[in-house]
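Take a look at the structure below.
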Amino acid sequence: MQIPRLHPDTIDEIKQRADIVDVVSEYVVLRKRGKDFVGLCPFHDEKTPSFTVSQTKQMYFCFGCQAGGNAIKFLMELGKRSFAEVVLDLARRYQVPVQTLLPEQRQELQRQLSLREQLYEVLASTTQFYQHALRQPLGEKAIEYLGDRLFKEETIQQFGLGYAPSGWETLYRYLVQDKHYPVQLVEKAGLIKPRKEGGGYYDVFRDRLIIPIRDVQGRVIGFGGRTLTDEQPKYLNSPETELFSKGKTLFALDQAKAGISQVDSAVVVEGYFDAIALHAAGITNVVASLGTALSLEQVRLVLRYCDSKQLILNFDADKAGTNAAERAIGEIAELAYKGEVQLKILNLPNGKDADEYLREYKPEDYRELLANAPLWLNWQIEQITQDRDLKQATDFQQVSQEIVKLLKKIENKDTRNYYVSYCAEILSLGDSRLIPLRVENLLTQIAPLSTSYRQPIPLRKHSKARVEKATIDNSERGLLDQAEALLLRIYLHCPEQRQAIIAALEERDLQFSLSHHRFLWQKILEIPLDIDVNLVSTLQDRYLEFSEEMKLVSHLFHVSEKEQKEILRTPQVIQVTTACMERVLREKRCRHYLELWKQTDPEAEPERYQSYCDAFYAENLRIQELDRQRLYSITDLLSG
C-alpha cells in the first residue's frame, strides 16, 4: 500500500510524544553530561564522543560531522527511510492515532496500527486468566512452589505471577470461545500453536508457573513459564512475536529502571526468580537476561537509565555459572574492551544463585558483594590463573599465553599498560625483581614493537640486532600533540599554575617539539609573567599578523567541559604531560646513541663503543621510569 500523506496534527503529536533520548539511546550508548547526553556518533567513525543529545531542546547534533535534527530526522538518516515510514513507526510505538489527508485510506492504516493494540489486549486478558488460575484449587501446586521460595503475597502481586493449567486447550477455549478473540490474533500473540495433525490448536504453556514479561512501559508482551513437573525445558519463553523479542527485552526493567537511576548501576542476573527475589529484598536495580547472551540492544536499553554505564553480571560461581557469564557477555565484549561499558562480574560463594543466597544471608551482604565485584578484566584474569600452579613450567606457559591473548584485545593504551603491569606482578610470584622482565616478555608477545616499560637487554657480543629490536620508533606524535596542547591550555587558563609549569620544563630541560606549539610558547614568553591582563586576549590582539600560525593553536584559547575537568587536577596533569614530552626527547636520544653504537667498531674503539651502549641503556631505563610515572599518574586521575 502506498503510504498516504499524514495530517499535520499527527506529526505534531508524534513530535511531542517521541522523546529524543528514548529514540536515540536504542542505537547509541548515551552518557549524561550536565543537562545533555553524549555518545559516539552513529553517522561517522569516531573514538571520542562528539554526538550530543539535548532532552530539553529535543534535538541532536554532532560536532564532528555536523549531523543534527530531531527524533524523526535521526531515524530517517540512520535507516535511510522516508519521512512517512518513520512517522508511522513512531505512531505505533507511542500509540498516536493516525490521521491522513486522504480519508479513504484511513481505515486500512488504522487496521495496521491497531494490530499491536489488539495484541496488548489479548496478552493482558491472558495475564488475568493465569492470575485467576493461580488462586484456584488447580493452582495449589504453583502456590506451594512459591511458598518454598519464600515469596510473599505482595511480591506475587507485584510481578503478576500466575499459573497455566495442565489442559491442552484450556487457554484456547477461554480466549477464542469464551472471549471471542480471533484465533489468528491469539496465535500471533504466541499463546497457542496449530496442531501438526488433525487440525485445531493447543496451548503453548501447560502446567507451568507463569511469569509475565513486560516492556519498559509495563505492558505485558510475553510470558515465561517454569515447569512444575519433570517436563523439559525447565523454563519456557514465549516465541518471537510482533511485540516480544528475547534479544531486545530485559525482564523486570519496568520495575528496575527507577532503582538503576537511583544507584547509578544495573545488575543483570540469569533467572526470573533471582531478579524477583532481589527486588523483594529491596535491591531494585536488577533485571534478568531471559537466558540469552546480552545483545547491544539490551545493553543500550538498560544503560539509558545509568549515567556511570556500570553493568554488573551476577551468575553462579560454579562452572555452569562461569560459562553463563561468558555467554551472557556476548556482543558487549567489544564495548567492555573499549571501556564504553564499566562491566563487572559477581560470582556468589558456594555456587549459589541470588535467590538461594538471599535465603541464607541478608540483603546488606549481597550489596557488599556488589560493591566489591571485580572489573571484568580482573575477573577474566582470575579465571585464567584459577587452580594453576605458576611454579610449574606447563601451567606458567599456558597462563602466560592466555593472558597475552586477553591483553591483545584491550584497545585503550593506558588500560593495557595498567593490566600489563598487573599481570606481570602475578607472574613474578611475589619477586619484585622479576616484574620488569615479566613486563618485557608480555609486551614483546602483545606487540613486538611496543616499547612501554621496555626492559634493557643484556649486552652481549654481536647483539646489535637484539638491541635494535628494543629501539623505540617514533609513533607517539599524537600523544605528544595532546600532552603539549594540554600543558599550554593549563598555562593559558590557570594563572596560578604558570610558575609551576615553567619550573617543570626547566627542571627536565624540555622544549615544545611541535612547531605550532613552539611558536605559541615563544609568543607567551614575550609577555611578562606578571602582566595584569587576560593572557588569551593579549595573545590574540598582539599577534594578529601571524594569522596562519595562530590558526593552528586557536583551539587552545577555548576550554570545553571535558577539558575543564582535566585541568581541575592540574598538578597531576602537569606531571603526565611533562613526562610525555620528556619521553619523546629520550626516544630521540635513544635512536641517536644506537646509531652511533652501530657505526662504531668495538675492536678499534672499545671505550667509545661501550660508552654509546651505556648511554643507550641509560636512556632506555629513563623511558621505563617515565612510563611508570605516566601510568601511575593516569591511574590517579581516573580514580581521583
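So, in region 25-38, exactly how many residues are free of Cβ contacts under 8 Å to residues at least 40 places away in the same chain and over 13 Å from SER308 (Cα atoms)?
Matching residues across region 25-38 total 2.
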### Message
I'd like the full set of residues that are in contact (Cβ under 8 Å) with a residue 60 or more places away in the chain and over 17 Å from VAL216 (Cβ atoms), limited to region 1-24.
### Response
MET1, ILE3, PRO4, ARG5, LEU6, HIS7, ASP9, THR10, ILE11, GLU13, ILE14
### Query
Can you name every residue in region 136-156 that is part of a loop (DSSP other than H, G, I, E, B), in contact with a helix residue (DSSP H, G or I) (Cβ under 9 Å, 6 or more places away or on another chain) and exposed (fewer than 14 other Cβ atoms within 10 Å of the Cβ)?
LEU150, LYS152
### Query
Out of all the residues in region 70-80, which are surrounded by 15 or more Cβ atoms within 10 Å (Cβ to Cβ) and free of Cβ contacts under 8 Å to residues at least 40 places away in the same chain?
LYS73, MET76, GLU77
### Summary
Conditions (1) buried (at least 17 other Cβ atoms within 10 Å of the Cβ); (2) closer than 19 Å to TYR163 by Cβ -> THR284 fails only (2)
#### Entry: Cβ-Cβ under 8 Å pairs, at least 6 apart or on other chains, region 287-298 side among the acidic types (Asp, Glu), far side surrounded by fewer than 24 Cβ atoms within 10 Å (Cβ to Cβ)
GLU297/GLU26; GLU297/GLY247; GLU297/LYS248
### Message
Considering only region 213-232, I want to know if a residue exists there that is small (Gly, Ala, Ser), touching a Gly at 6+ places or on another chain (Cβ under 6 Å) and within 17 Å of ALA164 (Cβ to Cβ).
### Response
no
## Note on the structure
Residues of region 600-617 being of a type in the set (A, V, I, L, M, F, W, C) and under 53 Å from the mean Cα position of the chain (by Cα), in sequence order, are CYS613, ALA615, PHE616
### Query
Among the residues of region 370-415 satisfying the criterion of being touching a strand residue (DSSP E or B) at 6+ places or on another chain (Cβ under 7 Å) and among the aliphatic types (A, V, I, L, M), which is farthest from VAL268 (Cα to Cα)?
LEU375
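Considering each of VAL399, VAL341 in turn, give the residue that is touching a Lys or Arg at 6+ places or on another chain (Cβ under 7 Å) and not assigned by TED's automatic domain parsing to the domain that holds ASP414.
The conditions single out VAL341.
Considering region 149-165 alone, what residues qualify as being of a type in the set (Phe, Trp, Tyr) and either within 36 Å of the chain's Cα centre (by Cα) or at pLDDT below 95 (or both)?
PHE151, PHE159
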#### Entry: Where LYS405 falls short, out of the listed (1) over 23 Å from the mean Cα position of the chain (by Cα); (2) part of a helix (DSSP H, G or I); (3) loosely packed, with under 14 Cβ neighbours inside 10 Å
(1)
### Task
Using the structure shown, decide if GLY339 is closer than 30 Å to PHE151 by Cα and surrounded by 12 or more Cβ atoms within 10 Å (Cβ to Cβ).
no
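A quick yes/no check of all residues on (1) in a loop (DSSP other than H, G, I, E, B); (2) under 24 Å from GLN342 (Cβ atoms):
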residue	(1), (2)
ASP9	no, no
ASP12	no, no
GLN16	no, no
GLU26	yes, yes
ASP45	yes, yes
THR56	yes, no
GLN66	yes, no
ILE72	no, no
MET76	no, no
### Summary
Of the residues in region 589-619, those that are within 18 Å of GLN511 (Cβ to Cβ) and either in contact (Cβ under 8 Å) with a residue 24 or more places away in the chain or among the small types (Gly, Ala, Ser) (or both) come to ARG589, CYS590, ARG591, GLU619
### Task
Scan (1) modelled with pLDDT of 70 or more; (2) more than 38 Å from the chain's Cα centre (by Cα); (3) not hydroxyl-bearing (Ser, Thr, Tyr) for the single condition LEU552 breaks and write down its number.
(2)
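Any residue at all in region 224-233 that is surrounded by 21 or more Cβ atoms within 10 Å (Cβ to Cβ) and not small (Gly, Ala, Ser)?
The answer is no, given that none of the residues of region 224-233 is surrounded by 21 or more Cβ atoms within 10 Å (Cβ to Cβ) and not small (Gly, Ala, Ser).
Starting from residues that are assigned to a loop (DSSP other than H, G, I, E, B) and under 21 Å from the mean Cα position of the chain (by Cα), keep the ones in region 372-394 and report whichever is surrounded by the fewest Cβ atoms within 10 Å (Cβ to Cβ).
Among those that are assigned to a loop (DSSP other than H, G, I, E, B) and under 21 Å from the mean Cα position of the chain (by Cα), it is ASN372.
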### Task
Name the residue, out of PHE43, PHE51, PHE37, that is farther than 26 Å from VAL216 by Cα and outside the structural domain of CYS306 (by TED's automatic domain parsing).
PHE43
### Query
Is it true that some residue in region 360-367 is out of contact with any Cys (no Cβ under 9 Å at 6 or more places or on another chain) and crowded, with 19+ Cβ neighbours inside 10 Å?
yes
### Message
Can you say whether ALA256 is outside the structural domain of GLN131 (by TED's automatic domain parsing), surrounded by 19 or more Cβ atoms within 10 Å (Cβ to Cβ) and within 22 Å of the chain's Cα centre (by Cα), as far as the supplied structure shows?
### Response
yes
### Message
Just to check your reading of the model, which residue among LEU236, LEU253 is out of contact with any Phe, Trp or Tyr (no Cβ under 8 Å at 6 or more places or on another chain), under 26 Å from VAL122 (Cβ atoms) and at pLDDT 90 or above?
### Response
LEU253
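The values are calculated or read from the model by the stated rules, or taken from the named source; none is laboratory data. What you are looking at is a predicted structure, and each value in this text was computed from that prediction instead of being measured. We place every Cβ from the backbone using ideal geometry, glycine too, and count neighbours over all the protein chains shown.
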